[in-house]
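Asker: Please read through the structure below; I'll follow up with questions.
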Amino acid sequence: MFEIVFLGTSASAPSIHRGLPAQIVLAGEHRFLVDCGEGTQRQILRSGVGFKRLNRILLTHSHLDHILGLGGLISTFASWEEMSEIEIWGGKPTLDRVQKLLYGVVLDYERLPIKIHLIELRPTKLMEAKDFTVSAFPVTHRGQGNFGFIFQEKSRRPFLTDKAETLNLPVGPERARLVKGETVTLKDGRIIQPDMVLGETIRGVKLVHIGDTSRTDNVTEFVQDADALVIEATFLNENVEEARAFGHITAREAATLALENGVKTLLLTHVSRRYRERDIIDEARQVFPNTYVVRDLDQFALRRDHPVEKKVALHSETDE
């Protein structure tokens, strides 16, 4: 149901192999850009996803490495893409900074013909589509107005065709109403209840995205039973005091969060240039084996009744 494409996976500053934070979440016809570090628009092109329908941007917090790419991206949207409106969601401090960036620099100069909706995040449901919801929850980092996001596919009960055939249930609107949970009365007077033709509930997949954070104890209820958790791993545990001083966590702490809350797959990002990738993997997998340290242009798919699948990316698999 969901796919996530990692556009930038570095912490604070880019490295040779990693750009600044940004991810795209694809959910059917809907697309969400989560954060927009410098260089994001080029990574969008490299990923093959493209710009079309990328009209919702969710920002985890106000730090420049997570928002500075917005100026160029909005300029490109307005100049080259058939997009008349765009939504940018963020906490108040984040939106204040975005306002200065866009209207004090980009839009003030170019007067671009695009309507921008700056929407303040609250700890609540942001969007409800036919098959999924998107919600925001508070996260602790430096400053105020920091958020994580939950992409939750709706649970469903499968329609059991064999039982419907046994009941001589006609093909048509009656079946659609039963799938919706409604009771139907057939022309011959028989009353068909949904339980007579629907299987057991199948839980929808859950993707949780957390940007920078200094704590894990206050997000447990939100990450519980996630099929995939995206979270930072800026420091190794040997530097835990430094991590806390800068408002971050370690790879071990991220892995412990996943282990203790029933997470199925852990996707670590926000990687510091000070560490080797293999050392981050080793620290996390000692606690939680099903861990990936993601790289730019990595793609993962989340589907019902399937483990999280890593798709082929554009880069090589050589270690950094």
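Read the figures in this text as sums done on the coordinates, not as results from a lab. Here the structure is a predicted model, which is why all the values come from computation and not from measurement. So basically every Cβ, Gly included, is an ideal-geometry build from the backbone, and we count neighbours across all protein chains shown.
Asker: Of Ile231, Thr216, Phe151, which is farthest towards the positive pole of the chain's charge dipole, taken about the Cα centre with +1 and -1 on the beta-carbons of Lys, Arg and Asp, Glu respectively?
Answerer: Checked the options; the winner is Phe151.
Asker: Now for a separate question. Cα to Cα, under 24 Å, and not fewer than 8 places away if on the same chain: which lysines meet these conditions relative to Lys100?
Answerer: Qualifying lysines at Cα under 24 Å: Lys92, Lys115.
Asker: What is the antiparallel percent of DSSP beta bridges lying wholly in the chain, to the nearest 5?
Answerer: About 60 percent, rounded to the nearest 5.
Asker: Something else now. Kindly work out what percent of the DSSP beta bridges joining two residues of segment 218-320 are antiparallel, to the nearest 5.
Answerer: 25
Asker: What is the sum of charges, Lys and Arg at +1 and Asp and Glu at -1, for the other residues whose Cβ falls under 11 Å from the Cβ of Phe137?
Answerer: Cβ neighbours under 11 Å give a net charge of +1.
Asker: To continue, here is another question. Across segment 181-198, in residue order, what do the Karplus-derived ³J(HN,Hα) couplings come to in whole Hz, using 6.51 cos²θ - 1.76 cosθ + 1.60 with θ = phi - 60° and x for Gly and Pro?
Answerer: x, 8, 7, 10, 10, 7, 4, 7, x, 6, 9, 10, 8, x, 4, 6, 9, 10
Asker: Let me ask something else about it. Between 0 and 90 degrees, rounded to the nearest ten: what's the tilt of helix 251-260 against the longest Cα principal axis of the chain?
Answerer: 20
Asker: To continue, here is another question. With θ set to phi - 60°, apply the Karplus curve 6.51 cos²θ - 1.76 cosθ + 1.60 along segment 24-36 and write out the HN-Hα couplings as whole Hz, x wherever there is a Gly or Pro.
Answerer: Those phi angles translate into 10, 10, 9, 9, x, 7, 9, 9, 10, 9, 9, 6, 7 Hz.
Asker: What shape does segment 204-320 take by its C-alpha gyration tensor, where a ≥ b ≥ c are the square roots of the eigenvalues and a/c under 1.5 counts as rounded, a/b above b/c as prolate, and the rest as oblate?
Answerer: Oblate, because a/c is 1.5 or more while a/b does not exceed b/c.
Asker: Still on this model: Rounded to the nearest 10 degrees, what's the angle between the helix 70-80 long axis and the longest principal axis of the chain, both from Cα atoms, 0 to 90?
Answerer: On a 0 to 90 degree scale, this one is about 60.
Asker: Can you give me the Cα centroid spacing of segment 234-292 and segment 156-226 in angstrom?
Answerer: Centre-to-centre distance over Cα atoms comes out at 36 Å.
Asker: Most exposed first by the Cβ proxy, i.e. fewest other Cβ within 10 Å, how do Asp195, Asp96 rank?
Answerer: Ordered by Cβ neighbours within 10 Å, fewest first: Asp195, Asp96.
Asker: Answer with a single label: of [x] 43, 21, 16; [y] 34, 23, 18; [z] 38, 26, 18, which was calculated as semi-axes √(5λ) of the Cα gyration tensor in Å from the structure in view?
Answerer: [z]
Asker: Collect residues whose amide H, placed 1.01 Å from N in the peptide plane, falls under 5 Å from the amide H of Asp298; neighbours closer than 5 in sequence don't count.
Answerer: Long-range HN contacts for Asp298: Phe6.
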